[in-house]
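Readers should treat all values here as calculations from the given coordinates under stated rules, not as data from a laboratory. Source: prediction; values computed, not measured. So basically every Cβ, Gly included, is an ideal-geometry build from the backbone, and we count neighbours across all protein chains shown.
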Ligand code: ADP
Ligand code: MG
């Protein structure tokens, strides 16, 4: 069964218009984003990459409705974002799982918060766990799962939500290389099936190119769009092994270098 196919008309285009976000601290103010403008079409998978601390997570939080713009606006489906939205899923690096709840319960969390009836929850969670290969672990606890399985569970939660917008903040960064590649394949397959809008923040150039039909490069803090690289071959079979793939990665490395992303030896 195909889990999490978006039922409603998918209206998940994202428009960030002159988006600025500042954090007010006790004795200082940090400008995280400054006039960032970015359009993402409905159903488009975009990767975002940039120097450490440039505001990537802030961008996702603003699109998710969890952080309010200081200036400018974010629209999802043409509507200004004023708070969490029913079909927006946020997937984080540290899984965001509750250790004392079962796998099935964790997958259902987003549905509970949104008051989806129990029978409907059970059906959607069952399909979602099936899709990510965790059906037989439904009654296990997160502590019994490997890192890769925990991140599959986080993906299942997004599928159960029938998310038409998946915001992913370095979701695979904590995984070992093989598991990471496996999960990249899963994310690509799921996108091919569902064609949801996807915004993937990553510090891996290869991952950005593998999973984004465009790759957005941000400036150092305060973040703005430095460059957008078109990546039309994304999703084609065997793309990872082509000269185009390597060229695209090299181009991004140059762009990131120009933004000083490698100055400290890290690009997270
Ligand atoms: P990135 O994800 O690109 O590493 P973030 O969006 O997490 O960057 O952070 C951008 C800047 O805003 C950083 O300087 C960070 O320290 C600061 N920042 C992030 N969240 C907060 C917060 N809640 N309060 C104050 N400063 C914050
Ligand atoms: Mg971050």
*Evaluated over the range 103-191, the Cα radius of gyration and Dmax, each in Å*: 12.6, 39
*Between residue 86 and residue 66, take the C-beta separation as r, use R0 = 22 Å, and let me know the FRET efficiency to the nearest 0.05.*
0.95
*Round to the nearest 10 and give me the degree value, 0 to 90, for the angle of helix 147-160's Cα axis relative to the longest principal axis of the chain.*
80 degrees
*Please give the length that would be gained between residue 118 and residue 257 if that part of the chain were fully extended, namely 0.36 nm times their separation in residues minus their C-alpha to C-alpha distance (nm, one decimal).*
45.0 nm
*How far apart, in nm, are the 7 Å Cα→Cβ label points at residue 230 and residue 100?*
5.3 nm
*Based on the Kirkwood radius over alpha-carbon pairs, what is the Stokes-Einstein translational diffusion coefficient of the range 6-115 at 20 °C with 1.002 mPa s viscosity, in µm²/s?*
137 µm²/s
_Can you sort 141, 246 from fewest to most other Cβ atoms within 10 Å of each residue's own Cβ?_
246, 141
_Ranked packing of 56-63, 26-33, most packed first, by mean Cβ within 10 Å_ = 56-63, 26-33
*DSSP-defined antiparallel bridges as percent of all bridges, the chain, nearest 5*: 50 percent
_Between 0 and 90 degrees, rounded to the nearest ten: what's the tilt of helix 243-258 against the longest Cα principal axis of the chain?_
60 degrees
*Hydrodynamic radius (Kirkwood) for the range 114-253, which is based on Cα pairs only, to one decimal in Å*: 16.5 Å
_Degrees, to the nearest 10: 103-113 long Cα axis against longest axis of the chain_ = 70 degrees
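Given C-alpha coordinates of the range 37-189, what is the ratio Rg to Rh with the Kirkwood estimate of Rh?
0.97
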*Packing-wise, with mean Cβ within 10 Å as the measure, how do 190-202, 128-140 rank, highest first?*
190-202, 128-140
_With the alpha-carbon atoms as the only input, what is the per residue convex hull volume for the chain in Å³?_
136 Å³
_q = 0.14, 0.15, 0.16, 0.19 Å⁻¹, the range 34-97: log10 I(q)/I(0) [Debye, one scatterer per Cα]_ = -0.44, -0.51, -0.58, -0.84
_the range 20-62, Cα convex hull volume normalised per residue, Å³_ = 79 Å³
